[in-house]
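> Structure provided below as structure tokens; questions to follow.
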Amino acid sequence: MGDLVNLKQIKKRIAREQADKQAETNRIRFGRTKGERSRDEQQALRASDILDHHRIDDGTPA
């Protein structure tokens, strides 16, 4: 015969694991300092500017 399993404990463990995964995702997504955010914004702006400088304009509106 198989082992007895308490479903309440299993459900609670699964809920805790999902909450831990969500917390890790939120730490990655929102857990950056102001300096890191501004640095990333500046890098994106610079990359956009470099791309615009290399654009070939053939006279047609975009």
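> Would you calculate, for the chain, the mean residue ellipticity at 222 nm contributed by helices, counting each DSSP H stretch of 4 or more residues as -39,500 (n - 2.57) and dividing by all residues, to the nearest 500?
Working: 2 runs with 44 residues, N = 62.
Taking each H run of at least 4 residues, the total per residue is -25000 deg cm²/dmol.
> Give the cross-link partners of residue 12 among the aspartates and glutamates, using a straight C-alpha distance below 18 Å as the criterion and excluding same-chain residues fewer than 8 apart.
Cross-link targets: 20.
> While we're looking at this one, here's another question. Could you pull out every one of the aspartates and glutamates with an alpha carbon less than 12 Å from that of residue 21, ignoring same-chain neighbours closer than 8 positions?
Straight-distance partners of residue 21: none at all.
> Additional query: Taking θ as phi - 60°, what are the ³J(HN,Hα) couplings along the stretch 34-43 by the Karplus curve (6.51, -1.76, 1.60), each to the nearest whole Hz, with x for Gly and Pro?
Rounded to whole hertz, the list is 4, x, 5, 4, 5, 4, 5, 5, 5, 5.
> Where Rh denotes the Kirkwood radius from the mean inverse Cα pair distance, what is Rg over Rh for the chain?
Numbers: Rg = 24.7 Å, Rh = 16.8 Å.
Looking at the chain, the ratio lands at 1.47.
A short reminder: the numbers here are calculations on the coordinates, not readings from a lab. Not measured: the values here are computed from a predicted model.
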